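J.: Dropping a structure here in structure tokens format, bear with me for questions.
Coordinate-derived values only; no laboratory data. Note that the structure is predicted; figures quoted are calculated from it, not measured. Every residue, glycine as well, gets a Cβ built from its backbone with ideal geometry; the counts of neighbours run over all protein chains shown.
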């Protein structure tokens, strides 16, 4: 704890709960507190150390868990509009007969409404930061900003015309517009987001890489999601998608590679060598029957892995608690080893490692003085969280998004006692219900 | 709908929601209602058909989902006391260093308290009926009865002395006592429950089978949970566990075989031939790295499969919604086929097929006139359930136990607006917290 804080006034003290800092030493305080001034965490420690502080506002955790807000490293937030539209279908039927036709009907307003509903769902289930790729991405940035959520957003770029910007060169213009519009924003980071090696020619990839480098921004891309993608790449380039990206010169520590389901040993070496970050999306990969990413191997190699839900048309929710439970269990059964992906490892993937994956490791993902105050509180006085021998275990194997009661993002409470403060939830639901009716009439 | 009901008074009308009957025709009513008199469902249909009925009480579903209560076909309810005590360990370390020592400390009171907390968790997450195997099982029956839950319970039988009844012959006496005590009970069914082929000699199995047959009761047993169990059986008997059970003459349509992770084609043929019922426990099997049961194959063979959570020390919760999501996704990725285990198939496994697995197919598991009224209501006006194209999809892929607001068991409301009516939750949590402290002091 920064003792000097004792002499200052604290804006918000989140107190009286088990504090999981998720710092490098995994420090926990059994009855702890987090002090927030403005946007920043200024101190963390035992609750009794703060007793004599002048405090403008105390948020009482009532003996629950106080922890960093969760980070969702891969979403297409606006796909909430398509949640449950079609399931249990072969990938190409699902895409060609449902998702692509539905997406062709999208516009700025629909994308905004879908993203706002997604923000509501994410905040309600403990997520404070997400990374998004989609069309009309300025609408997603606006929805995140209006919700007061932290977000990394980028317009999807590919070789064919987009329903948003038209021809590819306009896609780069649009991305530059986003960079310019949102630069220095306290919540929104723009990323450069080529869709995938299979929808982007090497020139596009190279240009995206240069643009990201120039502005020191993350690049986000889908990589090796399915076996057929890998086979096609080998056919076309004589290289795996990761090999092809290496060859195109875009592997770097700023690159977030989403999915990474099908990887060779050589791919893993390349990811490690270039310090590429990985977003693991187990629920989507399972539901689409894409495969199981070799996450325990990536972790053994020291590669930074965050968790993501993917779009909720292939999930069908944005609850990181479910993703944690799934990730922990899937790799145990897949490797026949109950000791892999332990609770603390998984918890890191959706806090500090998730933040690092997005290039925000110095900003969020842990409770440490100097970081932005992205903090959530869980109510653990519930039958399914009783007794509590170990908070890490409960968070991964027993808790649900609905146990989160309070959320603070960038120092500002956005949810208290389960009530959203920044979004009119009823209107957000009505808007998307109306959009769903419009979409449904076209099938 | 039974039209004669219109002339009678209805005790409870659950109305104004999408009714999923889960009957053999998968009948759904978009704006439907369920009429309950005494313990029984007397009619189901469109809400407007009931407008002129005299109704003592209306439960308004507010446009949510009305469906049969969920069935959990395999639990060790009292293991709530050990929830999160130890995780991410090799199976034998987990059992020998944590679970067995903790279980040796159990007594009637602890088992009752653990089971009561489990009942609270299960009702809160939509389960109305569960099947349990444990020690001091009369305590579990009493906890279920006090909670007014439907349950199939049986004392575990094995070749070595039990902390409850002592030597095996007393185990049969104890089971007979249970049969006698609970016969004709409206909620509790006693089962005969030999632990497993590896802990029960053929004589025990045979005796258990005869006892069950005599009283026409279910037999519940763990079968083929791990590869090492199968190898040991082949070593010892020259047969797989299923083959050995067939040889011992205990395979029958009254037998519920829990887990069935490692099965040969011959095993599957035997299960089909004898109409054996199967309890699928994906989360526990994944967490303990036991393997993936070949459920799509069993279903193709027409074998009745229900879902179960197993004890919550290896899960770590009793929420059937999470089990559904896991089951649907796990088999898709395991078979590389996104069309297996569709939402409706999975939904059946925890309603009508789960009820059939327990021999209660005529009593519960669907909303049909003449069945006992085990009915739940979900609130779907939430961001993560918006929009709703297809209720089946939402229940499996998007909903959580915490979306259940109302539960009626055997015609009696046991939860309304998320508030338990039959259990003092605060006390139930305090009791188990105290037990956890006692247990923890012994490690």
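J.: Return the inverse of the average 1/r over all pairs of distinct C-alpha atoms in the stretch A:142-217, which is the Kirkwood hydrodynamic radius, in Å to one decimal.
T.: That comes to 12.8 Å for the stretch A:142-217.
J.: Please report B:94, A:182 as a ranked list, fewest other C-beta atoms within 10 angstrom at the top and most at the bottom.
T.: If I rank by nearby Cβ atoms, fewest first, I get A:182, B:94.
J.: Which residue of chain B is nearest the rotation axis onto chain A, counting by its Cβ, and what is the distance in whole Å?
T.: Spelled out, residue of B and its Cβ distance from the axis onto A: B:402, 2.
J.: Based on C-alpha coordinates, I'd like the Rg and Dmax of chain A, in Å.
T.: When restricted to the Cα atoms of chain A, Rg and Dmax are 21.1, 68 Å.
J.: Quick one: grab Rg to one decimal and Dmax as a whole number for the stretch A:237-300, Cα atoms only, in Å.
T.: So, for the stretch A:237-300, Rg and Dmax equal 11.6, 32 Å respectively.
J.: What is the order of A:336, B:196, B:162, fewest Cβ neighbours within 10 Å to most?
T.: If I rank by nearby Cβ atoms, fewest first, I get A:336, B:162, B:196.
J.: From the label point of residue B:381, set 7 Å from Cα along Cα→Cβ, how far away are the matching label points in the other copies, in nm, ordered shortest to longest?
T.: 2.7
J.: Further question on the same structure: Provide an ascending nm list, one decimal, of label-point separations from residue A:339 to the equivalent residue in each further copy; define each label point as 7 Å from Cα along Cα→Cβ.
T.: 4.3
J.: For the protein assembly as shown, what does the equivalent ellipsoid look like in terms of its semi-axes, each the square root of 5 times an eigenvalue of the Cα gyration tensor, given largest first in whole Å? Present the calculation step by step, with values, prior to reporting the outcome.
T.: Numbers: eigenvalues 394, 175, 171 Å².
Ellipsoid semi-axes (Å, largest first): 44, 30, 29.
J.: Identify which of A:391, A:282, A:383 has the largest mean-square fluctuation in a Gaussian network model of chain A, with springs joining Cα atoms closer than 10 Å.
T.: Its mean-square fluctuation being the largest, the pick is A:383.
J.: Let me ask something additional. Nearest 500 deg cm²/dmol is fine: what mean residue ellipticity at 222 nm does the protein assembly as shown get from its DSSP H runs of n ≥ 4 alone, each adding -39,500 (n - 2.57), divided by its residue count?
T.: My calculation for the protein assembly as shown gives -10000 deg cm²/dmol from helical runs alone.
J.: If you don't mind, another one. Pull up the DSSP beta bridges for chain A and report the antiparallel fraction as a percent, rounded to 5.
T.: In chain A, approximately 45 percent of DSSP beta bridges are antiparallel ones.
J.: Considering chain A as a Gaussian network with a 10 Å cut-off on Cα pairs, which listed residue, A:164, A:72, A:337, attains the greatest mean-square fluctuation?
T.: A:337
J.: From zero up to wherever the largest Cα-Cα distance of the stretch A:1-138 sits, split into 10 Å bins and tell me the percent of pairs in each.
T.: 11, 29, 22, 16, 15, 5, 0
J.: Another question, then. When the C-alpha atoms of the stretch A:325-392 are aligned to their principal axes, what extent does each axis show, in angstrom, from largest down?
T.: 39, 32, 15
J.: Another question, if that's okay. What would the Debye equation give as log₁₀ I(q)/I(0) for the stretch A:290-441 at q = 0.09, 0.13, 0.15, 0.20 Å⁻¹, counting only Cα atoms as equal point scatterers?
T.: Each listed q corresponds, in turn, to -0.36, -0.75, -0.97, -1.40.
J.: Continuing with this model, one more query. I'd like the mean, over residues of A:342-352, of how many other protein chain beta carbons sit within 10 Å of each residue's own Cβ.
T.: Partner-chain Cβ atoms within 10 Å, mean over residues of A:342-352: 1.
J.: Using a simple spin-label model with points 7 Å from Cα along the Cα→Cβ vector, what separation in nm is obtained for residue A:339 and residue B:108?
T.: Those two pseudo-labels are separated by 4.2 nm.
J.: For a Förster distance of 25 Å, can you work out the FRET efficiency between the beta-carbons of residue B:177 and residue B:252, rounded to the nearest 0.05?
T.: The calculated FRET efficiency here is 0.60.
J.: How far, in nm to one decimal, is residue B:202 from itself in the other copies if the label point is set 7 angstrom along Cα toward Cβ? Shortest first, please.
T.: Between copies, matching label points for residue B:202 lie 7.0 nm apart.
J.: Just need the relative contact order of the stretch A:1-122 here, percent rounded to a whole number, with Cα pairs under 8 Å and 6+ apart.
T.: 25 percent
J.: Right, here's the next one. Have a look at the DSSP beta bridges in the protein assembly as shown and tell me what percent are antiparallel, nearest 5. Please report the intermediate quantities before stating the final value.
T.: Working: 56 of 126 bridges.
Just about 45 percent of them are antiparallel.
J.: Next up: Per residue of B:327-338, count partner chain C-beta atoms within 10 Å of its C-beta, then hand back the mean as an integer.
T.: The shielding value for this peptide is 6.
J.: Which ordering of B:325, A:431 is given by a fewest-first count of other beta-carbon atoms within 10 Å?
T.: A:431, B:325
J.: Pick from B:231, B:51, B:199 the residue whose mean-square fluctuation is largest in a GNM of chain B, springs joining Cα atoms under 10 Å.
T.: B:51
J.: If I model a spin label as a point 7 Å beyond the Cα along the Cα-Cβ vector, how far apart are those points for residue A:169 and residue A:206 in nm?
T.: So the two model labels end up 1.7 nm from each other.
J.: Based on DSSP, what percent of beta bridges with both residues in the stretch B:1-101 are antiparallel, to the nearest 5?
T.: 60 percent
J.: Within 10 Å of each Cβ of A:390-399, how many other protein chain Cβ atoms are there on average?
T.: Numbers: counts 5, 1, 3, 7, 5, 1, 4, 12, 10, 2.
Per residue, the number of nearby Cβ atoms from other chains is 5 on average.
J.: Something else: Can you give me the relative contact order of the stretch A:70-357 as a percent, contacts being Cα pairs under 8 Å and 6 or more apart?
T.: Worked out over the stretch A:70-357, it gives 20 percent.
J.: Something else: Specify the inter-centroid distance of the stretch A:95-158 and the stretch A:311-382, based on alpha-carbon positions, in whole Å.
T.: What the calculation gives is 21 Å, centre to centre.
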